[in-house]
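The values are calculated or read from the model by the stated rules, or taken from the named source; none is laboratory data. Keep in mind the model is a prediction, meaning the values are calculated, not measured. Neighbour counts are summed over all protein chains in view; Cβ atoms, including those assigned to glycine, are modelled from backbone coordinates with ideal geometry.
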Amino acid sequence: MVSDPCRIFLTLCTLTFTGTFCLLQGSPKVLLVSFDGFRWDYIYKFPTPNFHSIIEDGIHVKQVTNVFITKTYPNHYSMVTGLYAENHGIVANEMYDPVLNKTFSMDRMDIYDSEFWEEAVPIWFTNQYEGRKSGAAMWPGSDVNISGVYPSFYLPYNETVSFEYRVAKLIEWFTSNKPIHLGLLYWEEPDESGHLLGPDNPLMSYVITEVDNKLGHLVAELKKAGLWDTMNLIITSDHGMEQCSSDRVIELDNYVDKNLYTVVEHSPTVAILPKEGKLEDVYKALANAHPNMTVYKKEDIPERFHYLHNSRIQPILAVADLGWTILQNRSGRYLEGNHGYDNTEPNMHPLLVAHGPAFKRNVTKEAMTFTDLYPLLCHLLDIQPLPNNGSLSHVQDLLTSAAAQFLSDYGGQESYASIVGVFLGSVLALTFLLVFIKHVTRSQISAPQIEHPEITQPLLDV
């Protein structure tokens, strides 16, 4: 018989060895999910059992301060670059670049000109450069040829493609012979219904319930595929939503001649391009036109917005107060719900929940900023982050101590070497123990044979 101290020592060494082996067995897997327009407090206003189940078994950041302006394309690109809009160049859903003399429009799906995207490098580029694979299901910008690179696998954007199909493709990519390590999943709701109904409409209960059901489907499919316990899953959104009213509309035609300017980006943060020589005329006409509209010359935009140092930011910016709409006139497009307001407004904020081996359990954090998500993703993937406006230190309290130990802030060979060191130390300890027990008990202990996985480094997919 083996003595109790020896048995305990054997158990500890075996656990250490097994844990190290699991780390070496494959690279970390991360799935980032965005439900467009999911406001931070929807989980309190409407039944969302699947969101709450993840919160109970993972982490919950109540409010995420997104980047200005609080619209879809700027914030989705901030998530995957860690940069403010002025730095990554996707400053709005609708843009005009005076240097390129080109326009960018989400409404016209005129978004595939790579020159608009190449002021930054998205995380899938870095992930693939370090020898891993990436997959994106409709993530904004993922079907654009950015610096000659697409994700290893991606779905060209098509809003008619079901959520279930998008999930199925991601799981197929995660479980293939050459699996992806980074997955990105985008779904259009509840944003579309939020615009149509407004977030205060009782019918939004059905919309949020359906989104929660989608999340439940995702979790069930991850469990069925054997990914749930090994994958780090992050669910968030790009922005919140505010209730508007037809009684709170500001008509620019009441204050300035529409022939003096062009509206580039629309309400509630309106980017205005004056005709040549008309900057002062347009600005003076609008500067104090309405008490619920603040108008800035570009050089006077508050520093806190981080929305100044880019040629695509127009000479005049008109920002509506929360719940107000700016139109040229009543023939313009009015929405019952909208976003794009000041990013300090709580109703513009999304939430963030996460589950996986790297995250603590049943932990709630009051707030974080979107720019901190990118260094967190790089940390989870164990890759070298590019220069960014975030900081891992702001969100490291969401991680387990084991994640902090085995995942390096810098990625690359340094963290790999530390894992190998632990692995070799475990082997030496286990070998010593086996010899010791053999001499003490004069009996043999059969140890299971462990195959060492072959570690491959696939080439960069372009």
* Output the number of the condition that V64 fails; it satisfies all remaining conditions of (1) touching a residue at least 24 places away in the same chain (Cβ under 8 Å); (2) assigned by TED's automatic domain parsing to the domain that holds E192; (3) farther than 28 Å from K169 by Cβ. => (3)
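Quick test for you: out of T65, T70, T48, T81, pick the one residue that is surrounded by fewer than 24 Cβ atoms within 10 Å (Cβ to Cβ) and within 30 Å of I313 (Cα to Cα).
On the way: T70 fails: surrounded by fewer than 24 Cβ atoms within 10 Å (Cβ to Cβ); T48 fails: within 30 Å of I313 (Cα to Cα); T81 fails: surrounded by fewer than 24 Cβ atoms within 10 Å (Cβ to Cβ).
After ruling out the rest, the residue left standing is T65.
Given the criteria under 30 Å from L351 (Cα atoms) and surrounded by fewer than 16 Cβ atoms within 10 Å (Cβ to Cβ), does E210 qualify? Don't jump to the end; show me each part of the working.
Values: under 30 Å from L351 (Cα atoms): yes; surrounded by fewer than 16 Cβ atoms within 10 Å (Cβ to Cβ): yes.
Answer is yes for this residue.
Scanning for something in contact with a Leu (Cβ under 6 Å, 6 or more places away or on another chain) and in a strand (DSSP E or B), does the range 193-200 turn up at least one residue?
So the first thing to find is which residues in the range 193-200 are in contact with a Leu (Cβ under 6 Å, 6 or more places away or on another chain), and the list is 195, 197.
So of that shortlist, the ones also in a strand (DSSP E or B) come out as none.
Within the range 193-200, none of the residues are in contact with a Leu (Cβ under 6 Å, 6 or more places away or on another chain) and in a strand (DSSP E or B).
D238: outside the structural domain of S78 (by TED's automatic domain parsing) and of a type in the set (D, E, K, R), yes or no? Full working, then the answer.
Numbers: outside the structural domain of S78 (by TED's automatic domain parsing): no; of a type in the set (D, E, K, R): yes.
So D238 fails the test.
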* Structure fact -> Of the residues in the range 293-323, those that are among the hydrophobic types (A, V, I, L, M, F, W, C), crowded, with 17+ Cβ neighbours inside 10 Å and under 24 Å from D281 (Cβ atoms) come to M293, V295, I301, I313, I316, L317, A318, V319, A320
* **When residues of the range 324-357 are limited to those that are over 25 Å from T48 (Cα atoms) and either among the aliphatic types (A, V, I, L, M) or not in a loop (DSSP other than H, G, I, E, B) (or both), the one farthest from the chain's Cα centre (by Cα)** => L327
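Table: residues versus (1) modelled with pLDDT of 75 or more; (2) aromatic (F, W, Y); (3) within 19 Å of H181 (Cβ to Cβ).
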{"position": "L376", "(1), (2), (3)": "yes, no, yes"}
{"position": "D382", "(1), (2), (3)": "yes, no, yes"}
{"position": "N389", "(1), (2), (3)": "yes, no, no"}
{"position": "D397", "(1), (2), (3)": "yes, no, no"}
{"position": "S401", "(1), (2), (3)": "yes, no, no"}
{"position": "D409", "(1), (2), (3)": "no, no, yes"}
* Structure fact -> Checked the range 150-171 for anything surrounded by fewer than 20 Cβ atoms within 10 Å (Cβ to Cβ), in a loop (DSSP other than H, G, I, E, B) and in contact with an Asp or Glu (Cβ under 9 Å, 6 or more places away or on another chain); matches are Y150, P156, Y157, E159
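Would the range 100-109 turn up any residue that is in contact with a strand residue (DSSP E or B) (Cβ under 8 Å, 6 or more places away or on another chain), surrounded by fewer than 19 Cβ atoms within 10 Å (Cβ to Cβ) and under 24 Å from E210 (Cβ atoms)? Even if it seems obvious, please write down each step before you answer.
Pass one, the range 100-109, residues in contact with a strand residue (DSSP E or B) (Cβ under 8 Å, 6 or more places away or on another chain): 102-107.
Next, from what is left, pick out any that are surrounded by fewer than 19 Cβ atoms within 10 Å (Cβ to Cβ): 102-103, 105-107.
Keeping just the survivors that are under 24 Å from E210 (Cβ atoms) gives 106.
Within the range 100-109 (the criterion being in contact with a strand residue (DSSP E or B) (Cβ under 8 Å, 6 or more places away or on another chain), surrounded by fewer than 19 Cβ atoms within 10 Å (Cβ to Cβ) and under 24 Å from E210 (Cβ atoms)), the answer is yes, since at least one residue qualifies.
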* Scan of the range 232-248 for residues that are touching a Leu at 6+ places or on another chain (Cβ under 6 Å) and surrounded by fewer than 21 Cβ atoms within 10 Å (Cβ to Cβ), ordered by number -> none
* Kindly indicate the residue of the range 360-396 that is surrounded by 22 or more Cβ atoms within 10 Å (Cβ to Cβ) and more than 15 Å from the chain's Cα centre (by Cα) and also nearest to Y307 (Cα to Cα) among those meeting that condition. => I383
